[in-house]
Amino acid sequence: MRPEPVFYPVVCLITGSTPRGGGVWKDILHGHPRGLLRRDPPLPLMTSALHFLDFQVSPPALRRWREKPLRQHYAFSEDGRPPPRWAGELFVDSGGFALILDPDLDLSPYGIPSRRLAEGILQLQLDLGADRIASLDWPIPPGLAPEEARRRMRRTLEAAVRTGWALAELPPHRRPRWMVPIHGPSPEAAADFARSVLQQLEAEGLLPLVSGLAVGSMVPRRRNGWVGEILAFVRAVRRAAPDGMPLHVFGMTGSIIPFLVREGATSFDSAGYIQNARHLQYVDPETRRLRTLQELAEERRYPCDCPICQGRDPRADWAVLRGKRPGRKSAVYAALALHNLEMDLRLFREALEALRAGSLDAFLQDLPRRFPTLRWPEVDRKAPKGFPIVRPHTPDDFDLRKREWRPAPGKEILLILPCSKEKPYTASRSFRRLWKKVEEELRGQEKRIQVVFLSGLYGPVPLEMAEEEAVTTYDFRLHPADAEGIARAAGRLEAMLHRVGSGFRGMAAFMPSPAYREAARRAARSFPELVIFGSRKELPELLRWLHQQVKEAR
């Protein structure tokens, strides 16, 4: 008999040196009265073992975090309120995607030696107080070169065996429930991999320690709307797993979850609620369409009766974000995120009730009538052929220092931007939004701007070279803890500025990402005329700077 489905909101718990830090996560976790650590009954939560890397947490600070479980760190009172008494289940994923995107990342300063990554990640999960874990894995995005996909599957299997051996040495009361990640380039390959993993663990005598399987590599498919393909993966792995074995699906959104329940998935996690809030997007309770906060402010109301929206005014929230009213911007973002999560939880609970009542199919059939966006996935278009191939690359595969490149005549202003996961970079949502604002501000004068992207792997990549094969087929993200990678990007950027910097009347870098910002700052030590705008909040200042540069050039 399969367990009842569970929904895990994804959270970040280690965002600074102490749990009292500010920012949006403080409000989401415990600052808001409906914070996730204050719910009764408590919510199960998921976090990534390596999420601290995104917040520049130092090795000494992480050692302090590891001295006791996360629950104990957050059991403190503040502002006269009682402390959170969160007793929900904590699922700690391995965070292996961080190591794929930055293979040279050295975690040894954090107590995770490179030669024992699987064991080091497990010990971190144990120190954080995990009730459930996923062992170290190497995801496989769509279009990954076949030889690289096979290599990643081998490494995931090896890590599973090493994790199993380490778990076997622990006393039973200290063993967390263990979910083994499953990846593959196709549903059939994922199912074959699941069978291979289970056979290998049985041969090693480790199968009794396995609590379930976890289907990974679905996030890129979710972002592209390939729901039908996601369900095909889940269906294939479900058939390959022993009857009754729990099956988790990584990285979903609330809208997909009812269909996953139908396919036999027993747990899911989602960070969509916070990702949408970061873009000021609000899930409409009547249609489940995403609406902007600005749009709601113009309508002068939140169309929702959930506990988060009660007593809030979108006009006031919008004014806070625009700096026209006192208030904490992080509290506005947190309220949007918590509302979005309420909508996902509401849909999940409805699906759960339908499952209990034996009416899940009827519930799913009725969803398109209630929410037009939730059509049956079987009628979705199939994933398009010709998805860009992703191959392993090294920094030598593109190096501007070895190329005869100079800006075209008329390019008087240098604008350096971070690279993006999407390829080419110009196809990314972040670039398209930024460039739209640049065009609106400069009204045809943007042709004077030379755009150069800063790649964590390659250093500077001029816009006109952004569609070269080496640039469109790599997958890399520079982490703040990768000192070698930051130094490489900074050195190559500095070399470019030495060659062509004198030809620009103005130079600026817009770098919201910490690691890329640090690389730009290091290069700017030799070029103080390089102006760095270091956060998304500084976008209006960047636009004003560009406008002034164009004005003075006329």
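How high is the relative contact order of the chain, in percent, counting Cα pairs under 8 Å that sit 6 or more residues apart?
Once divided by the residue count of the chain, the mean separation gives 12 percent.
For the pair Arg525 and Asp79 in one chain, pulling the backbone fully straight at 0.36 nm per residue adds 156.3 nm over the alpha carbon distance. Entry note, the chain: the mean residue ellipticity at 222 nm calculated from DSSP H runs of n ≥ 4, each adding -39500 (n - 2.57), is -12000 deg cm²/dmol after division by the residues and rounding to the nearest 500. In order along the range 530-538, phi translates into HN-Hα couplings of 6, 8, 10, 9, x, 8, 5, 5, 8 Hz, rounded to whole numbers, per the Karplus curve 6.51 cos²θ - 1.76 cosθ + 1.60 with θ = phi - 60° and x for Gly and Pro. For the range 395-553, the square roots of the Cα gyration tensor eigenvalues, ordered a ≥ b ≥ c, give a/c below 1.5, which places it in the rounded category.
Distance between the 7 Å Cα→Cβ label points at Leu355 and Ala487: 5.0 nm. Based on Cα contacts under 8 Å between residues 6+ apart, the range 280-375 shows a relative contact order of 28 percent. Between Lys329 and Asp106, full extension at 0.36 nm per residue minus the direct alpha carbon distance yields a gain of 76.8 nm.
Projecting the Cα atoms of Leu37, Met511, Leu360 onto the charge dipole of the chain, computed from C-beta unit charges around the Cα centre, puts Met511 farthest toward the positive end. Applying the criteria of a DSSP loop state and at most 10 other Cβ atoms within 10 Å to the GluC sites (Glu not before Pro) of the range 141-192 yields Glu169. Net charge near Pro181: determine it from the other residues with C-beta under 10 Å of the C-beta of Pro181, scoring Lys and Arg +1 and Asp and Glu -1. Counting the neighbours of Pro181, the net charge comes to -2.
FRET efficiency for the Thr394 to Glu67 pair, using the beta carbon distance and R₀ = 30 Å, is estimated at 0.20. Under a Cβ-Cβ cut-off of 12 Å, what is the net charge of the residues other than Arg278 that fall near it, where Lys and Arg count +1 and Asp and Glu count -1? With Lys, Arg at +1 and Asp, Glu at -1, the net is +3.
Between the Cα long axis of helix 483-500 and the first principal axis of the chain there is an angle of about 20°, rounded to the nearest 10. For Glu464 and Arg499, a Förster radius of 25 Å and the Cβ-Cβ distance give a FRET efficiency of 0.95, rounded to the nearest 0.05.
Label sites at Ser535 and His173, each approximated as a point 7 angstrom past Cα along Cα to Cβ, lie 4.6 nm apart.
How do His73, His339, His183, His498 rank when sorted from fewest to most other Cβ atoms within 10 Å of their own Cβ?
Lowest count first: His498, His73, His339, His183.
Taking the chain, the Cys residues with no second Cys beta-carbon under 4.7 angstrom are Cys12, Cys306, Cys419.
Here the scattering of the chain is modelled by Debye summation over its C-alpha atoms, one equal scatterer each and no solvent; at q = 0.06, 0.07, 0.10 Å⁻¹ the log10 of I(q)/I(0) is -0.32, -0.43, -0.92.
In this simple spin-label model, placing a label point 7 Å from the Cα along the Cα-to-Cβ direction at both Cys306 and Arg443 gives a separation of 4.2 nm.
Dimensions of the range 6-270 from C-alpha coordinates, computed as largest minus smallest value along each principal axis and given longest first, are 55, 40, 35 Å. Axis of helix 329-357 versus longest Cα principal axis of the chain: the two differ by about 30°, to the nearest ten degrees. Relative to the longest principal axis of the Cα atoms of the chain, the long axis of helix 187-203 makes an angle of roughly 60 degrees. Give the calculated FRET efficiency between Gln275 and Asp313 to the nearest 0.05, with a Förster radius of 30 Å applied to their Cβ-Cβ distance. Taking R0 as 30 Å, the efficiency between Gln275 and Asp313 is 0.80. Between Lys436 and Arg151, full extension at 0.36 nm per residue minus the direct alpha carbon distance yields a gain of 98.6 nm. For GluC sites (Glu not before Pro), the sites in the range 257-303 that DSSP calls loop and that have at most 13 other Cβ atoms within 10 Å are Glu286.
None of the figures in this text is laboratory data; all of them are computed from the coordinates on show. The model shown is predicted, which means the values in this text are computed figures rather than measured ones. Cβ coordinates were reconstructed from backbone atoms using ideal geometry, including for glycine residues, and neighbour counts include every protein chain displayed.
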